[in-house]
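Working notes for the structure below.
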Amino acid sequence: MSDLYSDPIGSAVLAAAKLAELTGKPAHDVALVMGSGWISAADALGTPTHEFLATELPGFLAPTVAGHGGVIRSYDLQGANGLIRALVFLGRTHLYEGKGVEPVVHGVRTAVKAGCKAVVLTNACGGINRDFSVGQPVLIRDHISLTGVSPLIGADFVDLTDLYSKRIRAILREEDPSLAEGVYVHWRGPSYETPAEINFMRTIGADLVGMSTVPEAIAAHALGAEVLGISLVTNAAAGVTGEKLSHEEVMAAGKAAAGKMGELLSKVLHKI
Ligand code: 8IG
């Protein structure tokens with residue numbers, strides 16, 4: 001039995017084998033990780049062939065935050081270029097849960113070991129850039145890690161120059177030219193930023209702030225998958241409007257806007 005902490009890649013290989021067994025599919029093509037409020041985007045993909053708890057696969061932890069599902073779905077999507085097998089994670093583990101980075105990236109590693117060549121990472125985030133409004137989806141162009149946490153261990157000096165695939169971003173912007181792009185800053189949480197921290201983030205070039213996505217993007221890229229990151233701005237970051245941040249408001253804004261993103265995703269998945 002491979003252990004998630006002592007052999008995270010071996011553990012992902014085991015989880016991918018169990019996934020193949022549960023779905024009867026030897027491989028999947030693309031993975032989507034749905035952040036808070038993105039469940040309606042997954043629903044727009046249609047009816048999954050399989051749905052089960054992430055904890056049915058080795059190495060996955062039970063989720064701890066309301067609205068972060070911990071469910072895995074497998075879809076057969078018929079596209080212009082034939083059948084696409086999509087693996088969808090509803091919910092994820094975050095660094096702020098305090099279990100280390102291994103469980104945070106276990107899903108995307110499992111997906112890549114299951115054959116996925118592209119990984120779509122979605123999240124709900126705070127808007128730092130004043131041009132962005134609540135309910136707006138933004139493509140992640142690049143990131144700044146303020147956690148400094150990498151999922152990689154050892155002399156694995158991975159280049160991150162094109163971490164958020166230019167090619168895939170171009171496909172989405174061709175489908176919807178109104179899509180904005182921005183730099184996402186990773187904050188450990190679970191406390192939100194102070195207004196002074198948001199001013200600092202804006203000064204160093206950040207447009208969006210959130211508590212996910214970055215370790216998963218690095219882990220997927222290091223294993224050779226292409227990454228697309230999409231943030232849904234669900235609140236103005238601290239100090240931007242003077243309003244306080246509430247988890248309930250964040251969830252509501254996410255749910256309201258994710259449906260149209262689901263339509264966009266189902267249109268572009270077969271081109272990715
Ligand atoms: I949703 O304002 C969401 N996630 N760090 N700051 C951080 N994470 C977030 C925020 C926010 N909104």
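The values are calculated or read from the model by the stated rules, or taken from the named source; none is laboratory data. Treat the numbers as computed from the prediction; the structure is a model and nothing was measured. Reconstructed Cβ throughout: ideal geometry from the backbone, glycine too, with neighbour counts over all protein chains shown. The protein model used for the area step is the full one, side chains on, heavy atoms only, and it has no ligands, DNA or RNA in it. Shrake-Rupley method; radii C 1.70, N 1.55, O 1.52, S 1.80 Å.
Looking only at residues in segment 170-186 that are in a strand (DSSP E or B) and away from the ligand (no atom under 16 Å from the Cβ), the one that is surrounded by the most Cβ atoms within 10 Å (Cβ to Cβ) is Ala180.
Out of Leu61, Leu87, one residue alone is in a loop (DSSP other than H, G, I, E, B) and in contact with a helix residue (DSSP H, G or I) (Cβ under 7 Å, 6 or more places away or on another chain). It is Leu61.
Applying the condition of being assigned to a strand (DSSP E or B) and away from the ligand (no atom under 13 Å from the Cβ) to segment 106-132 and asking which residue is farthest from the chain's Cα centre (by Cα) yields Ala118.
Among residues belonging to segment 187-201 that are part of a loop (DSSP other than H, G, I, E, B), open to solvent by 70 Å² or more (accessible area, probe 1.4 Å) and of a type outside the set (S, T, N, Q), point out the one that is nearest to Lys244 (Cα to Cα). Among those residues, the one meeting the criterion is Tyr192. Taking residues in segment 126-141 that are farther than 22 Å from Leu163 by Cα, and partners anywhere that are within 13 Å of the ligand (Cβ to nearest atom) and assigned to a loop (DSSP other than H, G, I, E, B), the pairs with Cβ atoms closer than 9 Å and at least 6 places apart or on different chains are Arg130/Val240; Asp131/Asp207; Phe132/Asp207.
The residues listed here are Thr203, Thr213, Thr241; of these, the one that is of a type in the set (Ser, Thr, Tyr), more than 14 Å from the ligand (Cβ to nearest atom) and out of contact with any helix residue (DSSP H, G or I) (no Cβ under 9 Å at 6 or more places or on another chain) is Thr203. Criterion first (buried (at least 20 other Cβ atoms within 10 Å of the Cβ) and more than 16 Å from the ligand (Cβ to nearest atom)) does Leu228 satisfy it? So Leu228 passes the test.
Within segment 133-152, the residues that satisfy the criterion of being at pLDDT 95 or above, of a type in the set (A, V, I, L, M, F, W, C) and assigned to a loop (DSSP other than H, G, I, E, B) are Leu146, Val149, Leu152. When restricted to residues that are assigned to a loop (DSSP other than H, G, I, E, B), farther than 28 Å from Met211 by Cβ and either open to solvent by less than 40 Å² (accessible area, probe 1.4 Å) or touching a strand residue (DSSP E or B) at 6+ places or on another chain (Cβ under 7 Å) (or both), segment 3-26 contains 1. Filtering segment 27-44 to residues that are open to solvent by 10 Å² or more (accessible area, probe 1.4 Å) and away from the ligand (no atom under 16 Å from the Cβ) leaves Ala27, Asp29, Asp43, Ala44.
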